[in-house]
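In what follows, a single structure is set out as structure tokens and then discussed.
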Amino acid sequence: MSSPTATDTDPGVRRMRPFGTTIFAEMSALAVRTGAVNLGQGFPDTDGPPEMLEAAAEALRTGHNQYPPGPGIPALRAAVAEHQRRFWGLAYDPDGEVLVTAGATEAVAATILGLCEPGDEVVCFEPYYDSYAASIALAGAVRRPVTLRPSAGGRYGFDPDELRAAFGPRTRLVLLNSPHNPTGKVFTRAELAQVAELCQEYGAYAVTDEVYEHLVFSDAADVHVPLATLPGMRERTVRISSAGKTFSCTGWKVGWASGPAELVTAVTRVKQFLTYVNGAPFQPAVAVALGLPDSYYEGFRAGLEARRDQLVAGLGDAGFRVLPSEGTYFVTTDITPLGGTDGMEFCRTLPERCGVAAVPTEVFYDDPEAGKRLVRFAFCKRPEVIDEAVRRLRG
Ligand SMILES: *Cc1c(COP(=O)(O)O)cnc(C)c1O
């Protein structure tokens, strides 16, 4: 065994050394220190549906406190399957094609670790959710980013040639998040068709992160289209979602992966040794939530859309160039009209200057220039909190 050398004092593995503290932790800590309104990290400041909270309390009191079954409790797997049939017309067998995970984050990690050999390539759209790069690195795989850029009209898009060029003989997976965090982009059916065509041409699997599946706003370019619903895609897609965003319970960490049995088996093989299981009393509660009537989902979407409109108007008044947000909890802005040239610098000083915290999106790109002037704000907050943030930003 080799011993540490003077120039190599970090005991951590090399493949994880590029990853520091997540930007969310850094900006949230800064918000607390300065008393800033935190529009950085994307967690709601209200609780989810009362029926769900009551079901969790009931489960705690009635003995649902030990290890649940490895794939998740039958009632939740059945509810996950039924929810996908109800909203997207997708049929999955709750026994073998649905796996309950510790949030979407674990589902993404276990899928990448379960499907990628070292050196395999993963095509993903940047800016990407920050756990993607870390999970790809843990697997020893290689990310092949395709950059989303605002068009003249502001809507984020990609260059189809750049997408095609990202594919090659080592492509194993395409990792697609729609509706997309941090941009608020909703991929259109036409854009998804390009991804689907390349997946099939190169024999790649798709992994879809659809945690914002119920947050597509009325003025989006398209409705939400799960990639798995496109011809030839169900059999090669692991579809991932979670309760955290849809039911305002990000601390519960109950998510799921659905797909053909052989893919779900490969994911389960890894998942069982990461956490084994989680959230025993929350699983029956999420099953209740998934079965809520359409009025819940509609009210949730309309509420977030109203708060998006409120924040977008305020950011515009404060002088930002506001890029369109078609879905999710987030809106991105260009700081150029305010004289800003560096989003990181802007966000590090914003709490001190105006009492509001935001997140620079440049940290979600491999291309350091692409997101340099872009800053993300979260609107999953109570209207009075958004009002206060807007008042401060105007000042
Ligand atoms: C919040 C978020 C997640 C994490 O989901 P959990 O269920 O909390 O693990 C995953 N992907 C995206 C794009 C997110 O915004």
(request) Take the Cα radius of gyration of the stretch 181-281 and divide it by 2.2 N^0.38 Å, with N its residue count; two decimals is plenty. (result) 1.19
(request) Calculate, in nm to one decimal, what Ser295 and Glu262 gain on full extension: separation in residues at 0.36 nm each, minus their alpha carbon distance. (result) 8.3 nm
(message) Give me the mean projected area, in nm² to one decimal, of the convex hull enclosing the Cα positions of the chain.
(response) 20.9
(request) Given the options Leu163, Leu227, Leu338, state which has the largest fluctuation in a GNM of the chain using a 10 Å cut-off (strictly under) for Cα springs. (result) Leu338
(message) Helix-only estimate, please: 222 nm mean residue ellipticity of the chain, summing -39500 (n - 2.57) across DSSP H runs of length 4 or more and dividing by its residues, to the nearest 500.
(response) -12500 deg cm²/dmol
(request) Report the label-to-label distance for Arg17 and Val32 in nanometres (one decimal), using points 7 Å from each Cα along the Cα→Cβ vector. (result) 3.0
(request) Just tell me which lysines come within less than 29 Å, Cα to Cα, of Lys253; anything on the same chain fewer than 8 places away is out. (result) Lys185, Lys245, Lys271, Lys381
(request) Enter the Cα centre distance for the pair the stretch 324-395 and the stretch 100-137, rounded to the nearest angstrom. (result) 26
(message) 7 Å from Cα along Cα→Cβ at both Ala193 and Glu352: what's the point-to-point distance in nm?
(response) 5.2
(message) Between Val223 and Leu60, how high is the FRET efficiency from 1/(1 + (r/R0)^6) when r is the Cβ-Cβ distance and R₀ = 35 Å? Nearest 0.05.
(response) 0.40
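As a test, work out the antiparallel percent of DSSP beta bridges whose residues both lie in the chain, rounded to the nearest 5. Present the calculation step by step, with values, prior to reporting the outcome.
Numbers: 20 of 41 bridges.
The antiparallel fraction comes to roughly 50 percent.
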(message) 7 Å from Cα along Cα→Cβ at both Ser151 and Ala313: what's the point-to-point distance in nm?
(response) 2.7
(request) Select from Tyr129, Tyr205, Tyr296 the residue whose mean-square fluctuation is largest in a Gaussian network model of the chain (Cα-Cα springs shorter than 10 Å). (result) Tyr296
(message) Contact order normalised by length for the chain, with contacts defined as Cα pairs under 8 Å and 6 or more residues apart; what percent is it?
(response) 24
(request) Please find the FRET efficiency linking Asp159 to Thr275, where r is the Cβ-Cβ separation and R0 is fixed at 35 Å, and quote it to the nearest 0.05. (result) 0.35
(request) Would you please put 133-143, 299-309, 71-81 in order of how densely packed they are, using the mean number of other Cβ atoms within 10 angstrom per residue and starting with the highest? (result) 71-81, 133-143, 299-309
(request) Could you work out which residue, out of Val207, Val186, Val288, moves most in a Gaussian network model of the chain, that is, has the largest mean-square fluctuation with Cα springs under 10 Å? (result) Val288
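For a protection proxy built on the mean count of beta-carbon atoms within 10 angstrom, sort 61-70, 320-329 highest first, please. If you can, show how the numbers build up before the last one.
Numbers: 61-70: 12.1, 320-329: 24.3.
Packing order, densest peptide first, comes out as 320-329, 61-70.
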(message) I'd like the FRET efficiency for Trp88 and Thr9, computed as 1/(1 + (r/R0)^6) with the beta carbon distance as r and R0 of 51 Å, rounded to 0.05.
(response) 0.50
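Computed from the coordinates by the stated procedures, all read-outs in this text should not be read as laboratory data. Model, not experiment: these values are computed from the prediction. Methodologically, a virtual Cβ is constructed for each residue, glycine included, from the backbone with ideal geometry; neighbour enumeration extends over all protein chains shown.
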